[in-house]
Amino acid sequence: MLTKFGEVSTKLFEKYMPNAFVFAMLLTIFTGFIAFIWLDASPMEIIKGWYDGFYSLLEFGMQIVLIIITGFAIALSPFINKGIDKLTIRLKTPRQVYLMVVLVGTLLSLISFGWIVITCVLARELAIRVKGVNYPFLVACVYFSGGSWVTGLSSSIPLLLGTENNYLIEAGILTDMIPTTFTLGSALNFAMMALYVIFAPLMIILLIPKTKNIKQLEDMLEDKTAQKELSIKDEAIGLNLSYKSVSDKLNNGVLLLSCIVLMGLSYIIYHFYTNGFQLNFNIMIFIFLMIGLALHKTPMRYVIAMKRSSSNVSGILYQYPFYAGIMGIMLYTGLGEKLAEIMASVATIDTYPFFAYLTGGVINFAIPSAGGEFAVVGPSIIEAVKVIGEGLPTNEVTAMVSRASLSIAYGESLSNVLQPFYLLLVFPIMGKGIKIQARDVMGYLVLPFIVFFIIQSILVIWMPL
């Protein structure tokens, strides 16, 4: 029955799911139409909001690009390749590959959702070396495993709540920051973490498609020689002049690179010493950059690795502004706030976590950024929770606000499974050299979405904080 459901879902997505860019354009028109009909926003007001938001994710988009290419460059190093070789010796069947990829992916994403790029490289290499792996399903496994980030160290909403003088405090919505003991350190969050790390790999095993007509990576490659390209070291040597030169010594020397790595390492130690174990995009990119330099040993080898890593990131560069434009419509027409107010108005002390969870999931289709979405809907949800908890001790109200905020985060993260936006992190690596689109992958994610939606809904309502 599960296999049949998976096959039907996959066929439906193949038939009706357009390219991710087309999906973004359709969503733009749909969001603008809702604002026009429901809020009586004028066409020019909608278009102006779209334009004003269009470039608001430029920094975020560049951060994502750098996370991908610096992480990919690390994975192209000899050290990582040797590690994958040793792992491949122990993995002999597609079932073992799926299980290992989901397990490793969930663990890596607990540190940072940017580390999904490492999972991508591992999965692609295993798909090349282990016969019989259904590659579109493997891509779905990688994408789903990235959802654990919302319970980990880079979860943006809990980190925001724990930041002193954040915009919620400055606006008077909160009186003080909320410690991570109420959010990331809560029993609810540990239960969600276990759901991803323990339950998800086992669930994926049960959902492996039984179809005989699987698509293996080697069959999908447009250029069959892509697997046999020169090693980075050999390519670097091939760029040398036929005679000794100062330029080649600089390009292939270790001294200059070592000085830069030592400078970077000094700052990384300083950052964590002064800020504690606080991760953000900028420090993650910097760490990836320094690790990549150290692993490739010479400047020229790193240049080649970065060139190979950045060859397939065009989708991010031109699609992120369109999603930012959708966010602009939601923000500047008041559509996002209106939706949050409606959800909050029907909530009670027993149901508010579920409505917060639902709000996070629904709004995410238009604002696929946890931080951006929370800025739009968070204040309305928190104000509603404060009204519901009026008269209760301060500590209990803080716990209610924390539960609602976590619920928004969990809903936002899970609905990414049906939203192709963050596949843009996966396709530059896993889609290199092949023809693959969101519609080839999304059908495999319907059943995991349904299962997790049911379990997470129960947890956000009844699991003690």
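Below are the figures for this structure:
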quantity: Any hit, region 397-407, residues being buried (at least 23 other Cβ atoms within 10 Å of the Cβ) and over 19 Å from residue 174 (Cβ atoms); calculated: no
quantity: Pair list, Cβ < 6 Å and 6+ apart or interchain, from region 392-414 residues that are charged (D, E, K, R) to residues that are assigned to a loop (DSSP other than H, G, I, E, B) and at pLDDT below 95; calculated: 403/465; 412/364
quantity: Failed item, numbered, when residue 42 is tested on (1) at pLDDT below 90; (2) more than 24 Å from residue 425 (Cβ to Cβ); (3) polar (S, T, N, Q); calculated: (1)
quantity: Elements of type helices (runs of 4 or more DSSP H) contained in region 165-223, each with 3 or more residues being open to solvent by less than 70 Å² (accessible area, probe 1.4 Å) and farther than 25 Å from residue 126 by Cβ; calculated: 187-194
quantity: Selection within region 432-465 - under 16 Å from the mean Cα position of the chain (by Cα) and open to solvent by less than 10 Å² (accessible area, probe 1.4 Å); calculated: 438, 441, 442, 445
quantity: Residue in region 196-205 that is touching a Cys at 6+ places or on another chain (Cβ under 7 Å) and touching a residue at least 12 places away in the same chain (Cβ under 8 Å) present; calculated: yes
quantity: Extreme residue, most open to solvent (accessible area, probe 1.4 Å), among residues of region 7-54 that are farther than 24 Å from residue 438 by Cα and in a loop (DSSP other than H, G, I, E, B); calculated: 40
quantity: Filter result (closer than 14 Å to residue 20 by Cβ and crowded, with 24+ Cβ neighbours inside 10 Å) within region 305-328; calculated: 320, 323, 326
quantity: Selection status of residue 243, assigned to a loop (DSSP other than H, G, I, E, B) and without any contact (Cβ under 8 Å) to a residue 60 or more places away in the chain; calculated: yes
quantity: Every residue from region 249-304 that is modelled with pLDDT under 90, of a type in the set (Phe, Trp, Tyr) and within 17 Å of residue 67 (Cα to Cα); calculated: 281, 288
quantity: Residues (free of Cβ contacts under 8 Å to residues at least 40 places away in the same chain and crowded, with 24+ Cβ neighbours inside 10 Å) located in region 108-122; calculated: 119
quantity: Members of region 418-431 that are open to solvent by 10 Å² or more (accessible area, probe 1.4 Å) and closer than 16 Å to residue 149 by Cβ; calculated: 422, 424
quantity: Residue within region 356-363 that is among the polar types (S, T, N, Q) and crowded, with 21+ Cβ neighbours inside 10 Å present; calculated: yes
quantity: Region 339-357 - residue that is modelled with pLDDT under 85 and not acidic (Asp, Glu) and, of those, nearest to residue 19 (Cα to Cα); calculated: 339
quantity: Some residue of region 45-68 being free of Cβ contacts under 8 Å to residues at least 60 places away in the same chain and of a type in the set (D, E, K, R); calculated: yes
quantity: Subset of region 86-99 (residues that are open to solvent by less than 70 Å² (accessible area, probe 1.4 Å) and either polar (S, T, N, Q) or without any contact (Cβ under 8 Å) to a residue 40 or more places away in the chain (or both)); calculated: 87, 88, 91, 93
quantity: Candidates 97, 65, filtered to the one that is aliphatic (A, V, I, L, M), more than 28 Å from residue 134 (Cβ to Cβ) and assigned to a helix (DSSP H, G or I); calculated: 65
quantity: Residue 391 vs. criteria of a type outside the set (Asp, Glu) and not in a helix (DSSP H, G or I); calculated: yes
quantity: Region 332-353, residues that are touching a residue at least 24 places away in the same chain (Cβ under 8 Å) and surrounded by fewer than 20 Cβ atoms within 10 Å (Cβ to Cβ); calculated: 332, 334, 337, 338, 341, 345, 348, 349, 350, 351
quantity: Lone unmet requirement of (1) in a helix (DSSP H, G or I); (2) surrounded by fewer than 20 Cβ atoms within 10 Å (Cβ to Cβ) for residue 147; calculated: (2)
quantity: Every residue from region 332-383 that is more than 21 Å from residue 455 (Cβ to Cβ), in a helix (DSSP H, G or I) and among the hydroxyl-bearing types (Ser, Thr, Tyr); calculated: 332, 345, 380
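Condition check ((1) among the basic types (Lys, Arg); (2) buried (at least 21 other Cβ atoms within 10 Å of the Cβ); (3) under 20 Å from the mean Cα position of the chain (by Cα)) across all residues:
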| residue | (1), (2), (3) |
| --- | --- |
| 58 | no, no, yes |
| 64 | no, yes, yes |
| 68 | no, yes, yes |
| 78 | no, no, no |
| 82 | yes, no, no |
| 106 | no, yes, yes |
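Matching residues to (1) acidic (Asp, Glu); (2) under 28 Å from residue 432 (Cα atoms); (3) over 30 Å from the mean Cα position of the chain (by Cα); (4) surrounded by 16 or more Cβ atoms within 10 Å (Cβ to Cβ):
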position: 260; (1), (2), (3), (4): no, no, no, no
position: 272; (1), (2), (3), (4): no, no, no, no
position: 275; (1), (2), (3), (4): no, no, no, no
position: 282; (1), (2), (3), (4): no, yes, no, no
position: 289; (1), (2), (3), (4): no, yes, no, yes
position: 294; (1), (2), (3), (4): no, yes, no, yes
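The values are calculated or read from the model by the stated rules, or taken from the named source; none is laboratory data. As the structure is a prediction and not an experimental result, all values here were calculated from the model. Cβ: placed from backbone, ideal geometry, glycine included. Neighbour counts: every protein chain shown. We work out accessible area using only protein heavy atoms, side chains counted, and drop any ligands, DNA or RNA first. Shrake-Rupley method; radii C 1.70, N 1.55, O 1.52, S 1.80 Å.
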